[in-house]
Amino acid sequence: MVNTVLFLSIGVLAAILFMKFVARRRLRRAGVREVGALEALELINNRGAIVVDVRESREFHAGRIPNARHLPLRHIAARLRELEKAKDRPVVVGCRSGRRSATASIFMRRKGFKQVYNLKGGLMAWRKAKLFLER
C-alpha cells in the first residue's frame with residue numbers, strides 16, 4: 001500500500017514537472033519571455049509596457065495591475081485589434097496563475113506583437129511580491 005501511494009505521488013509530480021517544461025518550451029519557441037512580478041513592474045515603469053489582463057470580468061474587477069487593459073482570453077481573437085498600435089511596444093500579459101496568459105502571449109506573438117512578456121505566476125506572483133492592485 002505505501003509503495004503504491006509513493007509510486008503514484010512520484011508519477012503525479014513527474015507529470016506536473018513535464019507539463020511545466022512543455023509549457024515553457026512552447027513560450028520560448030513562440031518568442032515569448034516569462035518575467036517575474038518585479039521585472040514586469042520595471043517594464044511597465046521604465047519601458048512603457050502595456051499590461052493585458054486575460055482573466056474573466058469578475059476576476060478582473062476583484063483586483064488588477066494598475067492601468068491594465070482587460071481582454072478576456074475567450075475574446076482575445078476578436079478584440080486584439082484594440083491593441084494594434086502597440087505591436088512594437090512591450091506588452092506584459094497576465095492572468096491568475098500564468099497559464100491563460102501564456103496561451104494569449106503565444107497568440108499575440110503569432111499576430112505580430114514583437115515584445116510579448118508572460119507574467120510568470122500571474123497575479124498570484126504579483127500579490128506575493130506585495131505589489132499594488134487597483135479595484
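Quick note: the coordinates plus some simple rules give every number you see, no bench work behind them. Remember, predicted model here, so these are calculated numbers, not experimental data. Neighbour counts run over all protein chains shown; Cβ positions are idealised from the backbone, glycine included.
So what is the calculated 222 nm ellipticity per residue for the chain, using -39500 (n - 2.57) for each DSSP H run with n of 4 or more, over all residues, to the nearest 500 deg cm²/dmol?
-15500 deg cm²/dmol, from helical runs alone.
Can you compute the charge dipole magnitude of the chain about its Cα centre, using +1 on each Lys and Arg Cβ and -1 on each Asp and Glu Cβ, nothing else charged? Give it in debye, rounded to the nearest 20.
340
Can you give the FRET efficiency for ARG127 and ARG33, using 1/(1 + (r/R0)^6), R0 = 35 Å, r = Cβ-Cβ distance, to the nearest 0.05?
Once rounded, the FRET efficiency stands at 0.95.
Using modelled backbone amide H atoms (1.01 Å from N, in-plane), which distant-in-sequence or interchain residues come within less than 5 Å of GLU34's amide H?
Amide H neighbours of GLU34, under 5 Å, 5+ apart: ASN118.
Rounded to the nearest 0.05, what FRET efficiency is calculated for GLU82 and THR4 with R0 set to 35 Å and r the Cβ-Cβ distance?
Calculated value: 0.10.
Rg(Cα) of region 39-87 divided by 2.2 N^0.38 Å?
Normalised by 2.2 N^0.38 Å, the Cα Rg of region 39-87 equals 1.19.
Let me know the number of lysine pairs in the chain closer than 26 Å at the Cα, not counting same-chain pairs under 8 apart.
14
What are the DSSP H helices in the chain that stretch 30 Å or more along their long axis, judged by alpha-carbon atoms, and whose average Kyte-Doolittle hydropathy comes to at least 1.0?
Span-like helices, by this rule, are 2-30.
Would you work out the relative contact order for the chain, in percent, from Cα pairs under 8 angstrom that are 6 or more residues apart?
In percent, rounded to a whole number, it is 30.
When only alpha-carbon atoms are used, what values of Rg and Dmax, in angstrom, describe the chain?
16.4, 60
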